[in-house]
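Colleague: If you scroll down you'll find the structure; I have some questions about it.
The values are calculated or read from the model by the stated rules, or taken from the named source; none is laboratory data. Since we're looking at a predicted model, the values are computed, not measured. Cβ: placed from backbone, ideal geometry, glycine included. Neighbour counts: every protein chain shown. Ligands, DNA and RNA are stripped out before the accessible areas are found, and what is left, the full protein with its side chains, is counted by its heavy atoms. Shrake-Rupley method; radii C 1.70, N 1.55, O 1.52, S 1.80 Å.
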Amino acid sequence: MKTIITFIIVFGILVIVHEFGHFFFAKRSGILVREFAIGMGPKIYGHQAKDGTTYTLRLLPIGGYVRMAGNGDDETEMAPGMPLSLLLNSDGIVEKINLSKKVQLTNSIPMELIRYDLEEELTITGYVNGEEEQEVTYSVAHDASIIEADGTELRIAPKDVQFQSAKLWQRMLTNFAGPMNNFLLAILLFILLAFMHGGVQVTNTNQIGEVLPNGAAQTAGLKENDKILEINGNAIHSWGDLTATITENPGKKLSVEVERNGQKQTLSVTPGVVESNGKKYGQLGIKAPMKTGFFDKIIGGTQQAFSSSLEIFKALGSLFTNFSLNKLGGPVMMFQLSSEAADQGILTVISLMSILSMNLGIVNLLPIPALDGGKLVLNVVEGIRGKPISQEKEGFITLAGFGLLMLLMVLVTWNDIQRFFF
């Protein structure tokens, strides 16, 4: 249960923060956000606010989404011959179109739909009260609502508030805003970790900040502020050099040259052995020096976020040079990581969330159709051509990209299942 709750919280926050980026800048660009959903699946609760957005809570507590007017997957299912009902205002103009059998509107007019235009002409035509001898056409208010089959009430989407009606730079900013929010979240979480840890490690040094009790370092006689100059004759310049050498030599006796109070001496050290995921690693029982100032924590947390992004870029680069499904992870791996993080405490959970947030932001900017990066590429092409790609072509490109992503997700998920459960 602890793992499930951790997974829901981590995954939910990452997705909601991402979607809120799209939501915020769409609003600022004059694009109608028809729905902001928390969770997926059947609707539990919905409320249409004065700003025209319907805020919904859905059954499956995994992530969320925004429905921007005219943005591909936003269309409401309406077809000739379907029954519906209309609610008119005092001027005889339609203010609500009800497609749901779950909702009954007092004083509404039953209609069998013939045709409609809710984008430009704002009209709806059909047979009223079962009288098929005469078509009746009503004008529809610009801010009218439509009640979908599941009972969700949304604003209609006239052309002037659709995604494509915004300026190119506004659409680009809206597309970029999701990954941007993930980057900002990652930075804030890394800064939070710096404060929770009491500071940030200094890694461009070979000096020991703290010797932990009952560890291999204390047993060997290493002390705080010692500088480790060499290990088995190999020069040590940074904390990265030190940790790499120690982790690669679990249980092996090492000759360590240290500088203490200006004097050099050689000690014999045998790193302890720790096991993780079936592999053994060396552990010395020391910590790097810490910077504990207020601004040191802010700057250090930001630097750690940047370092995390570089590691992700390196990992992505290795996929192109030496592709393997084992280098990728899907929901199953996220669940596994959430399980390990939940066992290790809140600091590990926050650390996992910060890394995953940076990862999500970067991956979403890859120039792949259906991802935000693919949409930005289409925006750039539009800027070069001076006109957008036709909706049919854009839809085909997006569908093809989505299909490839789903195929990759299936392969990755099956690979994760085999790795963790067989």
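Colleague: When you look at Ala216, is it in contact with a strand residue (DSSP E or B) (Cβ under 7 Å, 6 or more places away or on another chain) and either in contact (Cβ under 8 Å) with a residue 40 or more places away in the chain or open to solvent by 30 Å² or more (accessible area, probe 1.4 Å) (or both), yes or no? Break it down stepwise before answering.
Modeller: On the way: in contact with a strand residue (DSSP E or B) (Cβ under 7 Å, 6 or more places away or on another chain): yes; either in contact (Cβ under 8 Å) with a residue 40 or more places away in the chain or open to solvent by 30 Å² or more (accessible area, probe 1.4 Å) (or both): yes.
Here the answer is yes, as Ala216 does meet what is asked.
Colleague: May I ask you to list the residues in the range 248-287 that are more than 16 Å from Asn214 (Cα to Cα) and among the basic types (Lys, Arg)?
Modeller: Lys252, Lys253, Arg260, Lys264, Lys279, Lys280
Colleague: What number of residues within the range 352-393 satisfy the criterion of being of a type in the set (Asp, Glu), within 20 Å of Ala177 (Cβ to Cβ) and surrounded by fewer than 18 Cβ atoms within 10 Å (Cβ to Cβ)?
Modeller: Kept after step one, since they are of a type in the set (Asp, Glu), are these residues of the range 352-393: 372, 382, 392.
Narrowing the set further to residues that are within 20 Å of Ala177 (Cβ to Cβ) leaves 372, 382.
Imposing the further condition that a residue be surrounded by fewer than 18 Cβ atoms within 10 Å (Cβ to Cβ) reduces the set to 382.
Adding up the residues that qualify gives 1.
Colleague: A further question follows. Which of (1) farther than 30 Å from Val140 by Cβ; (2) part of a loop (DSSP other than H, G, I, E, B); (3) among the hydroxyl-bearing types (Ser, Thr, Tyr) is the odd one out, the single condition Thr3 does not satisfy?
Modeller: (2)
Colleague: Would it be correct to say that Leu122 is open to solvent by 40 Å² or more (accessible area, probe 1.4 Å) and more than 27 Å from Pro42 (Cβ to Cβ)?
Modeller: Details: open to solvent by 40 Å² or more (accessible area, probe 1.4 Å): no; more than 27 Å from Pro42 (Cβ to Cβ): yes.
Judged against the criteria, Leu122 is not a match.
Colleague: Please determine whether any residue of the range 15-34 is touching a strand residue (DSSP E or B) at 6+ places or on another chain (Cβ under 8 Å), open to solvent by 10 Å² or more (accessible area, probe 1.4 Å), without any contact (Cβ under 8 Å) to a residue 40 or more places away in the chain and in a loop (DSSP other than H, G, I, E, B).
Modeller: no
Colleague: Take the range 336-348 and flag every residue that is surrounded by fewer than 18 Cβ atoms within 10 Å (Cβ to Cβ) and either modelled with pLDDT of 90 or more or not small (Gly, Ala, Ser) (or both). Lay out the reasoning, then the answer.
Modeller: To start, the set of residues in the range 336-348 that are surrounded by fewer than 18 Cβ atoms within 10 Å (Cβ to Cβ) comprises 336, 339-340, 343-348.
Correct list: Gln336, Glu340, Asp343, Gln344, Ile346, Leu347, Thr348.
Colleague: Go through (1) in a helix (DSSP H, G or I); (2) modelled with pLDDT under 90; (3) of a type outside the set (Gly, Ala, Ser) for Thr219 and report which single condition fails.
Modeller: (2)
Colleague: Quick one: is Lys96 at pLDDT 90 or above, more than 30 Å from Ala341 (Cα to Cα) and not in a strand (DSSP E or B)? Spell out the reasoning first.
Modeller: Values: at pLDDT 90 or above: yes; more than 30 Å from Ala341 (Cα to Cα): yes; not in a strand (DSSP E or B): no.
Against the criterion (at pLDDT 90 or above, more than 30 Å from Ala341 (Cα to Cα) and not in a strand (DSSP E or B)), Lys96 does not qualify.
Colleague: Does Ala49 count as within 25 Å of Asn175 (Cα to Cα) and either modelled with pLDDT of 90 or more or more than 32 Å from the chain's Cα centre (by Cα) (or both)?
Modeller: Details: within 25 Å of Asn175 (Cα to Cα): yes; either modelled with pLDDT of 90 or more or more than 32 Å from the chain's Cα centre (by Cα) (or both): yes.
Here the answer is yes, as Ala49 does meet what is asked.
Colleague: So if I check each of Gly403, Gly395, which one is assigned to a helix (DSSP H, G or I) and touching a residue at least 12 places away in the same chain (Cβ under 8 Å)?
Modeller: Working: Gly403 fails: touching a residue at least 12 places away in the same chain (Cβ under 8 Å).
Unique residue meeting the criteria: Gly395.
Colleague: Restricting attention to the range 316-331, does a residue exist that is outside any loop (DSSP other than H, G, I, E, B), small (Gly, Ala, Ser), under 22 Å from Asn364 (Cβ atoms) and open to solvent by 30 Å² or more (accessible area, probe 1.4 Å)?
Modeller: Quick first cut of the range 316-331, residues outside any loop (DSSP other than H, G, I, E, B) only: 316-321, 325-327, 331.
The next check asks that each one be small (Gly, Ala, Ser); those that pass are 317-318.
Narrowing the set further to residues that are under 22 Å from Asn364 (Cβ atoms) leaves 317-318.
Pick out the ones that are also open to solvent by 30 Å² or more (accessible area, probe 1.4 Å) and you get 317-318.
For the range 316-331, residues outside any loop (DSSP other than H, G, I, E, B), small (Gly, Ala, Ser), under 22 Å from Asn364 (Cβ atoms) and open to solvent by 30 Å² or more (accessible area, probe 1.4 Å): present.
Colleague: Looking at Ile146, Ile124, which one is part of a strand (DSSP E or B) and within 17 Å of Gly70 (Cβ to Cβ)?
Modeller: Working: Ile124 fails: within 17 Å of Gly70 (Cβ to Cβ).
Being part of a strand (DSSP E or B) and within 17 Å of Gly70 (Cβ to Cβ) holds for just one of Ile146, Ile124, which is Ile146.
Colleague: Considering only the range 204-213, how many residues are surrounded by fewer than 16 Cβ atoms within 10 Å (Cβ to Cβ) and either of a type in the set (Phe, Trp, Tyr) or in a loop (DSSP other than H, G, I, E, B) (or both)?
Modeller: 3
Colleague: Can I ask one more? Kindly provide the set of residues from the range 119-134 that are among the polar types (S, T, N, Q) and on the phi > 0 side of the Ramachandran plot, ordered by number. Break it down into steps so the answer makes sense when it comes.
Modeller: So in the range 119-134, the residues among the polar types (S, T, N, Q) come out as 123, 125, 129, 134.
Once the filter is applied, which keeps residues that are among the polar types (S, T, N, Q) and on the phi > 0 side of the Ramachandran plot, the range 119-134 yields only Asn129.
Colleague: Under the condition of being under 25 Å from Ser238 (Cα atoms) and small (Gly, Ala, Ser), which residue from the range 184-203 is most open to solvent (accessible area, probe 1.4 Å)?
Modeller: The extreme case among them is Gly198.
Colleague: Looking at the range 262-278, I want the residues that are farther than 26 Å from Gln336 by Cβ and have a partner that is of a type in the set (Lys, Arg) and open to solvent by 60 Å² or more (accessible area, probe 1.4 Å) with Cβ atoms under 8 Å, at least 6 apart or on another chain. Which pairs are those?
Modeller: Here the result reads Ser268/Lys253; Val269/Lys253; Thr270/Lys252; Thr270/Lys253; Pro271/Lys252, each pair linking the range 262-278 to a residue that is of a type in the set (Lys, Arg) and open to solvent by 60 Å² or more (accessible area, probe 1.4 Å).
Colleague: Can you find a residue in the range 229-237 that is part of a helix (DSSP H, G or I), open to solvent by 60 Å² or more (accessible area, probe 1.4 Å) and either in contact with a strand residue (DSSP E or B) (Cβ under 9 Å, 6 or more places away or on another chain) or not charged (D, E, K, R) (or both)? Walk me through how you get there before you give the answer.
Modeller: Taking the range 229-237 first, the residues part of a helix (DSSP H, G or I) are none.
Among the residues of the range 229-237, not one is part of a helix (DSSP H, G or I), open to solvent by 60 Å² or more (accessible area, probe 1.4 Å) and either in contact with a strand residue (DSSP E or B) (Cβ under 9 Å, 6 or more places away or on another chain) or not charged (D, E, K, R) (or both), which makes the answer no.
Colleague: Here's another thing I want to ask about it. Restricting to the range 90-115, name every residue that is more than 18 Å from Asp150 (Cα to Cα) and open to solvent by less than 50 Å² (accessible area, probe 1.4 Å). First the steps, then the outcome.
Modeller: Our first condition is that a residue be more than 18 Å from Asp150 (Cα to Cα); within the range 90-115, this holds for 90-95, 106-115.
Matches in the range 90-115: Gly92, Val94, Ser108, Ile109, Met111, Leu113, Ile114.
Colleague: Pick from Asp150, Asp160: which is touching a strand residue (DSSP E or B) at 6+ places or on another chain (Cβ under 8 Å) and either under 20 Å from Gln303 (Cβ atoms) or surrounded by fewer than 21 Cβ atoms within 10 Å (Cβ to Cβ) (or both)?
Modeller: Selected residue: Asp150, the only one of Asp150, Asp160 that is touching a strand residue (DSSP E or B) at 6+ places or on another chain (Cβ under 8 Å) and either under 20 Å from Gln303 (Cβ atoms) or surrounded by fewer than 21 Cβ atoms within 10 Å (Cβ to Cβ) (or both).
Colleague: Hey, can you tell me all the residues within the range 125-141 that are open to solvent by 60 Å² or more (accessible area, probe 1.4 Å) and at pLDDT below 95? Give the steps one after another, and end with the answer.
Modeller: The first filter runs over the range 125-141 and keeps only residues open to solvent by 60 Å² or more (accessible area, probe 1.4 Å), leaving 129-135, 137, 139.
Across the range 125-141, the qualifying residues are Asn129, Gly130, Glu131, Glu132, Glu133, Gln134, Glu135.
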